[in-house]
Amino acid sequence: MAIAICPGSFDPITNGHLNIIERTAKLFDEVIVLVLKNPTKVPLFTDEERVDMIRSCTRYLPNVKVDAYSGLLADYAHQVKADALVKGLRAVTDFEYEFQMSLINKKLNPLLETMFLNTDSEYMYLSSSIVKQVGEGGGSIADFVPAAVREQIEKRIKENI
Ligand code: ADP
């Protein structure tokens, strides 16, 4: 059974993430969407909230599971016997960081491959941070995230004001 992990901070999940998850689910028997703690970012949503949002948005994909982890991704991949990490690439700016991460993960876990899927062009501009920025500025985020996620972002932004 081929297992892939789609790792990220997903703070929150966007239509761009969902596109990569859907495409990965067609290529692998099982996909684990993994919420990782990123110490360099202050999150808008807790790990549990992010996991819940991803679960509700991926319910229609039967081979997709969602989990959270605070240790090394290479160790988690070893524990669940994953074959590959699948990451989305938006632009050349993503590449340098992702290339470095893939090399370090290979060093830590030599059996683990990293695969990249190009973003679909309609999601090229989309990131969780840009969605939060637009939402905080009062703009419409309806085209960027699933409806349930939009409601949660709008609610959290109001709470934070
Ligand atoms: P960000 O905070 O940059 O939105 P994450 O750390 O949550 O991203 O990203 C998880 C993975 O999803 C990364 O591989 C990232 O490149 C990918 N990703 C994020 N947004 C998109 C998008 N719009 N299209 C394709 N891949 C994306």
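Numbers for the structure displayed
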read-out: Per residue accessible area of segment 3-125, 1.4 Å probe, in Å²; value: 56
read-out: Segment Gln100-Met115, extension gain: residue separation times 0.36 nm, minus the distance between their alpha carbons; value: 4.1 nm
read-out: Unsatisfied cross-links (Cα-Cα over 31 Å) in the set Lys26/Lys155; Lys37/Lys81; Lys106/Lys158; Lys37/Lys158; Lys107/Lys155; Lys26/Lys158; value: Lys26/Lys155; Lys106/Lys158; Lys107/Lys155; Lys26/Lys158
read-out: 5 angstrom amide H check on Ile32, placed H, neighbours 5+ away; value: Ala4, Ile5, Cys6, Lys65
read-out: With Cα atoms, 0 to 90° folded angle of helix 92-108 axis to the chain main axis; value: 40
read-out: Sulfur and carbon atoms: percent of accessible area, segment 3-125 [1.4 Å]; value: 57
read-out: Difference of contour (0.36 nm per residue) and Cα-Cα distance, Glu22 to Arg59; value: 12.2 nm
read-out: Gyration tensor (alpha-carbon) shape descriptor, segment 44-84, a/c threshold 1.5; value: oblate
read-out: Rounded tilt (10° steps) of 147-160 against the dominant C-alpha axis of the chain; value: 60
read-out: Dipole axis of the chain (+1 Lys, Arg; -1 Asp, Glu on Cβ), positive-most option in Asn15, Val149, Leu73; value: Leu73
read-out: Placed amide H near Val145: partners under 5 Å, 5+ positions off or other chain; value: Asn15
read-out: Total charge dipole magnitude, the chain, about the Cα centre, Cβ charges on Lys, Arg, Asp, Glu only, Debye to nearest 20; value: 120
read-out: Backbone N under 19 Å from the Asp143 label point (7 Å along Cα→Cβ), restricted to segment 107-125; value: 119-125
read-out: Exposure of Tyr123 as accessible area (Å², to 10), given a probe of 1.4 Å and all protein chains; value: 40
read-out: Prolate/oblate/rounded label for segment 3-125 (Cα gyration tensor, a/c 1.5); value: rounded
read-out: 5 angstrom amide H check on Met115, placed H, neighbours 5+ away; value: Leu85, Val86, Lys87
read-out: Tilt relative to the chain, helix 15-27 - C-alpha long axis, 0 to 90 degrees, to 10; value: 30
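The values are calculated or read from the model by the stated rules, or taken from the named source; none is laboratory data. For clarity, every value in this text was computed on a predicted model and none was experimentally measured. In this analysis, Cβ positions are derived from the backbone assuming ideal geometry, glycine residues included, and neighbour counts consider all displayed protein chains. Accessible surface areas use protein heavy atoms only, side chains included; no ligands, DNA or RNA. Shrake-Rupley method; radii C 1.70, N 1.55, O 1.52, S 1.80 Å.
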